[in-house]
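Scroll down for the structure; my scribbles are underneath it.
The values are calculated or read from the model by the stated rules, or taken from the named source; none is laboratory data. It should be emphasised that the depicted structure is a prediction, and the values quoted were computed from it without experimental measurement. Here Cβ is always computed from backbone atoms with ideal geometry, including for glycine, and neighbour counts include all displayed protein chains.
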Amino acid sequence: MKPLGFIASATALLLVWGGIKVPWEQRMAKSQRLNAYGFSGPTTVAVREKLGQGLALAFLGGFRGLAANALMLEAHAAWENQQWVRVRSALELATVLQPRVAVFWDMAAWHLAWNAAVAAEQFSGETSETRRRMEARRWIEAGRNLLERGTQAVPEKALLFQRLGDLYWQRLQDYGSAAKWYREALSKGDAPPYLERFVGYAMDKAGDKEGALAYFQDLRGRMGKEPDPARRPEVVDREIQRLEKETHNTAPMEKKK
């Protein structure tokens, strides 16, 4: 009986020790990752997947900014040589290392959704127009994905929300979504003054002329009697006059239909 009792006691002791040891080891591992990389969690995993643990430990301990800048330079060199997969890899890793730097997300999305997409559609050498367009759309979607992740990483800045509006306008011709993202950018407080007009322009392009007219009228009212010249009140007045004429001219046609 004594051996059995000893075994039972030892087993119980091991179970208790395991319950203490596992959380302690997890905390230690997190602390080690934080000390080595300057961050922990999914970011650490992403870095290790792309660089390998040895290189990550060697180059990223306290030098994330320098590493990210080097990657942006690498992406630029790859862009000059039209090496788009290399461009994407370097840019994505740069945003992983410096997720709070909005310009990295902006530059990465521009290279993918504009440069790589145009190259795929116009200069790839692919004979099938359908395949060229599909490949270009994949690059545009990659750029959009980066910008959406960027807005989550830097939610207080207008820049990346504005760039999403630009992408929907210029690359996807989805003007309703462009207006939505421009509005979101304006809510951040640091958007350029001209962007408030682009909400109305996008609504007009989307075919909502009455909505655009109402928007410009409201915008002009919010400018006050002595508006800031930087907001270009004369341009808003001109848009109101144009849209009033266009909506007035189309009203009888709509009634006849």
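When VAL87, VAL96, VAL45 are checked against the criterion of being in a helix (DSSP H, G or I) and at pLDDT below 85, a single residue qualifies: VAL45. Exactly one residue among GLN173, GLN162 is more than 22 Å from GLU74 (Cα to Cα), crowded, with 21+ Cβ neighbours inside 10 Å and modelled with pLDDT of 95 or more, and that residue is GLN162. In the set (1) without any contact (Cβ under 8 Å) to a residue 40 or more places away in the chain; (2) not in a helix (DSSP H, G or I); (3) not aromatic (Phe, Trp, Tyr), the condition left unmet by LYS157 is number (1). Filter the range 72-109 down to residues that are small (Gly, Ala, Ser) and touching a helix residue (DSSP H, G or I) at 6+ places or on another chain (Cβ under 6 Å) and give me whichever is surrounded by the most Cβ atoms within 10 Å (Cβ to Cβ). Across the range 72-109, the extreme among qualifying residues is ALA109.
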